[in-house]
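Student: Encoded as structure tokens, here's the structure I'll be asking about.
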Amino acid sequence: MSRLSLFNSPLLLGFEHFERTLDRVNKVSADGYPPYNVEQLGENELRITLAVAGFTMADLGITIEDSQLVIRGKQSDDGQRVYLHRGIAARQFQRSFVLAEGIEVRGAWLENGLLHVDLVRPAPEVRVRSVPIRGPEPRVEAKTGPRPLPTRASDNSAPG
């Protein structure tokens, strides 16, 4: 079964990367752990906050892979402890966010069990560019030199 593309119009040229991005968004894990918030701090500023209680800075990692912000966490089991009840499991997670073109990660910090990641979209440069219009290319006439004189078969004979 073929899939209908949103960007199939001949008027939308070069938008294939948007379609790939939408495909990636659909594949993002549906796991709800860890819970997170996305806040708008200003016109061009966002903050992602993840609840990562029990994780240390050494347990967390943030990378940007292509246009995806990937936040990973991995807790290790402490073999020295003896639990009478274990309700808090050491676990790992991976949470991905697809970043729009131009979005930059300004910074991240861990505070009171919350991991904050600040994002910013720099103000776009207004670019106006003229495209020169060329006229028809001048036709180049093939230059021919003097034509060689036709030779006769009798010219090739030896004098006699």
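All of the numbers you see were taken from the coordinates with simple rules; none came from a lab. Fair warning: this is a prediction, and the values are worked out from it, not measured in the lab. A quick note on method: Cβ atoms are made from the backbone with ideal geometry, for glycine too, and the neighbour counts reach across all protein chains shown.
Student: Could you rank the peptides 111-118, 79-86, 126-133, 48-55 by their average count of other C-beta atoms within 10 Å per residue, with the highest value first?
Tutor: Descending mean neighbour count gives 48-55, 111-118, 79-86, 126-133.
Student: Next up: Quick check: residue separation of V126 and A90 times 0.36 nm, minus the Cα distance between them. What number comes out in nm?
Tutor: Extra length available between V126 and A90 comes to 8.0 nm.
Student: Okay, next question. Can you give me the distance in nm between label points at Y33 and A51, each placed 7 Å from the Cα along the Cα-to-Cβ direction?
Tutor: Calculated label separation equals 1.3 nm.
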